[in-house]
1. So, by mean Cβ neighbours within 10 angstrom, what's the order for A:310-322, A:179-191 with the highest one leading?
2. Let me know the mean shielding of A:54-64 by other chains, meaning the per-residue number of their Cβ atoms within 10 Å of its Cβ.
3. Pop a pseudo-label 7 angstrom from the Cα along the beta-carbon direction at both B:THR93 and A:ASN348 and give the gap in nm to one decimal.
4. Which of A:GLY191, A:ALA305, A:VAL75 sits farthest toward the positive end of the charge dipole of the protein assembly as shown, with +1 on the Cβ of Lys and Arg and -1 on the Cβ of Asp and Glu?
5. From the helices alone, meaning DSSP H stretches of at least four residues, give me the mean residue ellipticity at 222 nm for chain B, per-run term -39500 (n - 2.57), in deg cm²/dmol to the nearest 500.
6. If I take every Cα pair under 8 Å that is 6 or more residues apart in chain A, average their sequence separation and divide by the length, what percent do I get for the relative contact order?
7. On average, how many beta carbons from a partner chain sit within 10 Å of the beta carbon of a residue in B:252-262?
8. Please build a GNM for chain B, connecting alpha carbons under 10 Å apart, and tell me which residue among B:GLY68, B:GLY105, B:GLY224 fluctuates the most.
Amino acid sequence: MEGLRAVSLESILAQFRDPDAARALAAAIRTRSTRPARLMEFCGGHTHAILRFGIPSLLPETVDLRSGPGCPVCVTAAGDLDRAIALAQVPDVILTTFGDMIRVPGSRLSLAQAKAQGADVRVVYSPLDALRIAQETPARPVIFLGVGFETTAPMVASTVLAAEAAGVRNFTVFSTHKLTPPATRAILAAGEVALDGIIGPGHVTTVIGAAAWRFLPQEYAIPCAIAGFEPLDLLRAILSLVEMVEQGRADVTNTYARSVRLEGNAPALAALERVFEVADVEWRGFGVVPASGLALREAYARFDAARAFPVDVPPAKELPGCRCGEVLRGVLLPTECALFARVCTPQNPTGPCMVSAEGACAAYYRYGERI
Amino acid sequence: MENVIRLSHGAGGRMMNDLIREVFATPLDNPILRQMADASACNLQSANLQFAISTDSFVINPLFFPGGDIGSLSVHGTVNDVAMAGARPLWLTAGFILEEGLEMGVLERVVRSMGEAARAAGVQVVAGDTKVVERGHGDGIYINTAGFGVVREGVHVGPQEARAGDVVLLSGTVGDHGIAVLSQREGLRFETDLLSDSAALNGLVEALLDVAPHTHCLRDPTRGGLAAVLNELAAASNVGVEIEEAAVPVRPAVAAACEMLGFDPFTVANEGKLVAFVPSGEAQAALAALRAHPLGQDAARIGTVVAEHAGLVLARTAIGGRRVVDMPLGELLPRIC
């Protein structure tokens with residue numbers, strides 16, 4: 001990682017967390033908002049930031065915020081997780097993964113439990129770390145569990161390209177990567193929850209470009225405001241959506257212009273295009289969503305863990321009583337789930353929404369939105 | 001209760017507390033242990049003195065990190081636990097578990113560092129033990145230190161002593177140690193000029209108690225960080241705590257590292273800081289005394305103890321919103337996107 005220029009980051013943080021500006025934005029929202037506005041923040045990171053900064057306590061009653069399925073750990077299908085655990089248990093395999101995944105309960109056990117029982121499961125901060133492990137231990141197969149949306153997938157694609165260039169033969173990726181616009185369409189198409197606006201995911205949109213969200217106003221007459229992750233970013237986006245709702249107008253507004261362009265990030269998209277192809281994949285809570293996932297192209301088959309290690313995985317079992325699916329579709333608030341905070345806690349999670357740092361239930365629990 | 005030990009069982013949060021309660025507390029039960037203080041104040045009737053005894057084990061990896069090493073840390077950690085009982089630390093014991101194959105030069109460096117730390121803290125290492133385990137069965141060096149001190153007369157510090165109206169003081173910046181160690185650990189290299197804050201706090205505690213002898217609580221926020229300590233004290237004393245996020249000092253480099261990794265600085269470990277709950281009448285003098293000491297120059301008033309929402313720690317966020325500061329669960333896991 002590059003050296004941290006502490007002074008400039010500090011001034012950025014001060015700029016985007018200025019309490020006076022926040023007060024002014026909150027006041028503007030309260031003044032402008034006269035009718036109910038149900039807004040969905042797709043991204044779990046947004047849910048987390050919203051609660052961490054105490055934004056709901058500053059908003060009027062008319063604004064109802066719903067968390068969406070933007071938690072990559074949460075939407076990983078039970079069958080995929082079971083497969084990842086089975087891969088970890090293949091003799092000699094080193095399974096590398098982002099941290100959050102290890103605590104999610106699979107049908108029988110979690111990756112953390114598999115690790116405690118002897119599987120070599122290692123937390124990495126970047127897929128490049130996994131590649132480095134593969135290069136350092138050439139005799140052992142190293143599998144990287146690829147979880148994440150369009151923000152993370154380009155890094156994984158680049159890592160596969162780097163592995164190819166370096167001639168590494170013991171590195172594979174088990175891709176469960178997913179695409180966000182198709183999931184958003186699936187929520188709207190299901191019609192279970194009436195949404196008045198979408199807070200667009202800032203990091204995803206940095207990659208895919210603001211234009212990727214045009215289908216919302218054009219096909220569904222729903223406004224979308226792309227937001228960053230600082231409190232002022234989120235308040236600006238909420239204000240923008242409230243204004244559009246009040247005016248009966250639907251548009252895509254970009255309040256994260258310091259990071260998001262209309263056309264997105266070309267090199268990232270190019271890397272994705274080269275290594276991955278779009279596939280129909282299963283999302284927890286949604287079933288199979290057409291053209292919503294990324295699978296390794298035939299040309300990169302030798303880097304595909306699913307093809308390299310065809311393990312037998314018994315049928316996935318539902319997590320009894322877990323309503324994560326409804327939370328992910330924005331139909332249920334975490335506090336409306338009977339298990340929330342009573343049975344299901346971060347320490348004793350029933351489902352992934354309580355495990356992941358980006359999970360809605362974990363955010364609600366952690367920052368105090370309890371019953 | 002799980003049937004296998006996990007890393008989170010040692011991380012200073014809920015899981016560790018549960019392990020202590022469910023596996024250790026009952027078979028070892030006695031009135032002193034039941035208080036669950038970091039250092040236990042024990043009465044010796046005939047001498048009319050109260051002693052504080054503490055023990056801690058050090059398994060840190062890497063052995064050497066910016067600002068410290070396992071040796072100095074093993075002295076500071078136990079000295080601090082004794083000091084947090086309002087006691088003057090006098091004597092330490094040191095037990096070593098060494099892994100076969102450890103280089104002698106490494107051990108010598110560690111022990112020299114312990115000696116320097118003990119001298120600087122004014123304590124003596126008076127007993128020790130050494131064991132060697134087979135290669136592969138240890139992490140180079142594990143150290144256990146136990147500390148023994150005498151509680152200062154007139155001082156009654158303990159986790160159950162907090163009262164509504166107490167002022168919450170913090171002796172300096174949080175997150176330094178955890179981020180400094182993380183910056184050295186394999187897999188996460190980034191350039192910071194950040195040093196661990198590992199230090200013996202007994203001098204700072206003396207300075208504080210000189211002007212604030214009625215201090216109710218003292219705690220050093222090690223694993224689990226500030227959040228863990230505030231929650232533990234709130235629960236033990238059955239009070240609420242309200243803090244002002246903007247008042248908690250955090251170094252820019254620590255804030256930046258935490259932002260990148262998705263960590264909350266309030267949950268990152270410290271090894272040279274203390275939290276004090278001081279009655280309001282003594283708070284101003286206490287803060288001045290901390291700031292006048294080299295180890296407390298960044299000391300700040302960060303909040304108050306309240307009667308409402310007993311057991312809960314609330315914070316006013318940087319933008320004026322409200323949120324709960326929850327007890328951290330266990331291991332810190334960086335975010336994905």
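Bear in mind these aren't lab numbers, they're just calculated from the coordinates by the rules spelled out. None of the values given here were measured: they were computed from a predicted structure. Glycine also receives a Cβ, built like all others from the backbone with ideal geometry; neighbour counts cover every protein chain displayed.
1. Details: A:310-322: 13.1, A:179-191: 18.8.
Per-residue mean Cβ counts within 10 Å order the peptides as A:179-191, A:310-322.
2. On the way: counts 12, 4, 3, 6, 5, 1, 0, 0, 0, 0, 0.
The shielding value for this peptide is 3.
3. Each label point is offset 7 Å from its Cα along the Cβ direction, giving 3.7 nm.
4. So the residue furthest toward the plus end is A:GLY191.
5. Details: 9 runs with 97 residues, N = 337.
Rounded to the nearest 500, the figure is -8500 deg cm²/dmol.
6. With pairs under 8 Å counted, the relative contact order is 22 percent.
7. Numbers: counts 9, 7, 2, 5, 9, 4, 0, 6, 4, 3, 6.
Other-chain Cβ atoms within 10 Å of each residue's Cβ, averaged: 5.
8. Highest fluctuation among the options: B:GLY105.
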